[in-house]
Amino acid sequence: QVQLVESGGGLVQAGDSLRLSCAASGRTLGGYAMGWFRQAPGKDREFVGAISRSGGDTYYADSVQGRFTISRDNAKTTVYLQMSSLKPEDTAVYYCAASNGGGFRAAQAYPYWGQGTQVTVSS
């Protein structure tokens with residue numbers, strides 16, 4: 001069982017930057033590919049980005065490509081989502097998730113999820 005805790009959300013203005021963190025409780029994340037998803041009110045949960053176990057490969061949704069960056073630290077206990085040039089349409093609850101398989105873009109590939117952190121971008 002992997003317990004994930006996100007942090008770093010908040011209220012920012014359009015154009016600002018924000019960094020989200022995702023930490024595992026009591027264990028490292030080195031054996032897992034990690035994903036970030038988001039869900040806006042009234043919308044389905046959508047893929048934001050993912051990083052491979054090694055950290056050597058990253059994948060992004062078209063809507064955030066070039067603005068968001070996923071990374072993981074050397075001890076692989078924390079995964080980050082650096083968000084820049086934020087837009088009001090980025091407003092959502094952001095979730096991190098862990099997978100020990102493939103299918104990085106599919107929510108169904110991730111059996112472990114955090115509780116989410118709210119990001120609100122004002123115009």
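Quick notes on this one:
- Some residue of segment 82-93 being over 17 Å from residue 43 (Cβ atoms), exposed (fewer than 13 other Cβ atoms within 10 Å of the Cβ) and of a type in the set (A, V, I, L, M): no
- Verdict on residue 39 being without any contact (Cβ under 8 Å) to a residue 40 or more places away in the chain and open to solvent by 40 Å² or more (accessible area, probe 1.4 Å): no
- In segment 1-29, the residues that are within 25 Å of residue 89 (Cβ to Cβ) reach residues that are part of a loop (DSSP other than H, G, I, E, B) and basic (Lys, Arg) with C-beta atoms within less than 7 angstrom, at least six apart or across chains, in these pairs: 14/87.
- Filtered by the rule that a residue be in a loop (DSSP other than H, G, I, E, B) and either of a type in the set (Asp, Glu) or open to solvent by 60 Å² or more (accessible area, probe 1.4 Å) (or both), segment 64-73 gives 65, 66, 73.
- Candidates in segment 64-81 are the residues that are among the charged types (D, E, K, R) and touching a residue at least 12 places away in the same chain (Cβ under 8 Å); of these, the one that is farthest from residue 47 (Cα to Cα) is 76.
- Segment 46-64, residues that are over 19 Å from residue 88 (Cβ atoms) and charged (D, E, K, R): 53, 57
The values are calculated or read from the model by the stated rules, or taken from the named source; none is laboratory data. This structure is a prediction, so every number in the text was calculated from the model and none was measured. Glycine gets a Cβ as well: all are built from the backbone with ideal geometry, and neighbour counts include every protein chain shown. Heads up: the accessible areas ignore ligands, DNA and RNA and are worked out on the full protein's heavy atoms, side chains in. Shrake-Rupley method; radii C 1.70, N 1.55, O 1.52, S 1.80 Å.
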